[in-house]
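Below is one structure, written out as structure tokens; comments come after it.
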Amino acid sequence: MKGYMIFRFTCLALLWLFLCYLMISARGFTAWTMFIIIVSGIVVFVPIYKKYIRDSNGKS
């Protein structure tokens, strides 16, 4: 991964963590909140993994 890709991934991860923190602080930690956090993590990070990590390793 190049430097700018690492920077973009880090910014996205920090934003996601901040939004998760806001959700937990507003609603409390319940099973539904945990489910939403897990699903949102899958929706956000799996496509990024497929695009940048898996494809770059396959082409090298």
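Observations
- Selection count where residues are hydrophobic (A, V, I, L, M, F, W, C) and touching a residue at least 24 places away in the same chain (Cβ under 8 Å), scope segment 14-44: 2
- Selection count, segment 1-33, where residues are more than 22 Å from Ile53 (Cα to Cα) and in contact with a helix residue (DSSP H, G or I) (Cβ under 9 Å, 6 or more places away or on another chain): 6
No lab work stands behind these numbers, since they all come straight from the coordinates. Since this is a predicted model, take the numbers as computed values, not measurements. Every residue, glycine among them, receives a Cβ derived from its backbone with ideal geometry; neighbour counts consider all protein chains shown.
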